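As structure tokens, the structure follows; a few thoughts come after it.
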Amino acid sequence: MNVINFIAQNWDFILLIVVAVAAIIFAIFKGNKSVVMRMLYSLVTEAEQIYGAGTGSLKLAAVIDALYPNLPAVIKLFITDETLVKWVETALETAKDAWKKNAALAEYVKQPAEDAQNDAQSVETAPAE
């Protein structure tokens, strides 16, 4: 009964504390999200450069594997797997736009994948011993 009376008498103060805590958590989450998005941009570019086209699920797994241990603890508390996948997809769209606009980035992303494809073709066409 004392707890209910305390809540009834101080509901405005309790509400203020709850809103303040929520605002602080939101501010931390929002600030960290921009850092995460920059990390994701770099990771999706590296994954594209390493694995090349046609390996989407492998690249997604590699990016999430590299990102998750480096996430701030606050973000780990509030994100789901689906949110993380959406963030990776958003970063990939941003990266693809950058690759289209920047020839040096486009060359960086394509070169190793083309080399791997050429190596695979040379193995297929090599004479049998």
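Annotations for the structure displayed:
- Lysine pair count for region 31-110 [Cα-Cα under 16 Å; pairs on different chains or 8 or more apart]: 10
- Approximating the spin labels as points 7 Å out from Cα along Cα→Cβ, the V35-to-L105 distance works out to 2.2 nm.
- Modelled spin-label separation between I14 and S57, with each label point placed 7 Å from Cα along the Cα-to-Cβ direction: 4.9 nm.
- Scalar couplings 3J(HN,Hα) for region 5-15, obtained by applying the Karplus form with A = 6.51, B = -1.76, C = 1.60 to θ = phi - 60°, are 5, 4, 5, 5, 7, 10, 4, 5, 5, 4, 4 Hz; x denotes Gly and Pro.
- Only Lys, Arg (+1) and Asp, Glu (-1) charged, at Cβ; region 31-110 dipole about Cα centre in debye: 180 debye
- A98/I64 FRET efficiency (R0 22 Å; Cβ-Cβ; nearest 0.05): 0.60
- Computed from Cα atoms alone, the Kirkwood hydrodynamic radius reported for region 31-110 is 12.9 Å.
Only the coordinates and a few stated rules stand behind these numbers; no lab work does. Given the structure is predicted, the values throughout are model-derived calculations rather than measurements. Note: ideal-geometry Cβ built from the backbone for every residue, glycine included; neighbour counts use all protein chains shown.
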